[in-house]
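Notes follow once the structure below has been shown.
Every number in this text was worked out from the coordinates using simple rules, so none of it is lab data. For clarity, every value in this text was computed on a predicted model and none was experimentally measured. When we count neighbours, we look across all protein chains shown, and the Cβ atoms used for this are built from the backbone with ideal geometry, even at glycine.
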Amino acid sequence: MSKPFDLIDHPFNPMDGKIFKAGSESELLLTPATDCTRFSLRITLTNLTIASKAFGLEIPSNIGGMNSNENTSALCLGPDEWMLLAPESAQQTIQDSFDQIDKGVNYSLVDIGHRTVGISVSGSAATQVMNSGCPLDLDKMPDGSCTRSIFDKAQILIIKYHEKSYRLEIVRSFAEYVWNYLSIAGSEVGSSNSLK
């Protein structure tokens, strides 16, 4: 008997085992992004320092801002909305830390770990390929920032580490669609080799 989706420890990831290279290895590489714990945080700006202490990393206050430390990131998506990314092993520790926040501080921390999957887009042609399906001019997007956008028909979250390195967070059901779009766009970069 199958288990309900929310009881599955590691639900099916449509990106598992995929890799796509175009041109030389430095031109374009698509891979599944490292899976992680994901939280949606809602809290007022006045209490952001308290949340930062609980998370163990300074949470940015400017929309589109990002702060990262090794495998942990805090992304500001709106005036009072953040996404927190951390290694899967840190999930319970983060929840416990937020549980210790004074009861007078109103906040919402929701585990959204299985809602999206990540795709890593890297190489010298990364921005070019990303621009093929995104209405934003990603050349003008600052390094170390994030934004919500559309990729063709799919809603995505774009994390730009620098011009040669992106992470896309995509609703699980659209992940393969976005992967296929990126692969087709990437095949224009040079001689391509899709391994899966």
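The residue pairs whose first member lies in region 127-138 and is farther than 13 Å from residue 157 by Cα, whose second member is part of a loop (DSSP other than H, G, I, E, B) and small (Gly, Ala, Ser), and whose beta carbons are closer than 9 Å, counting only pairs six or more residues apart or on different chains, are 129/123.
There is no residue in region 180-193 that is under 30 Å from residue 49 (Cα atoms), among the small types (Gly, Ala, Ser) and part of a helix (DSSP H, G or I).
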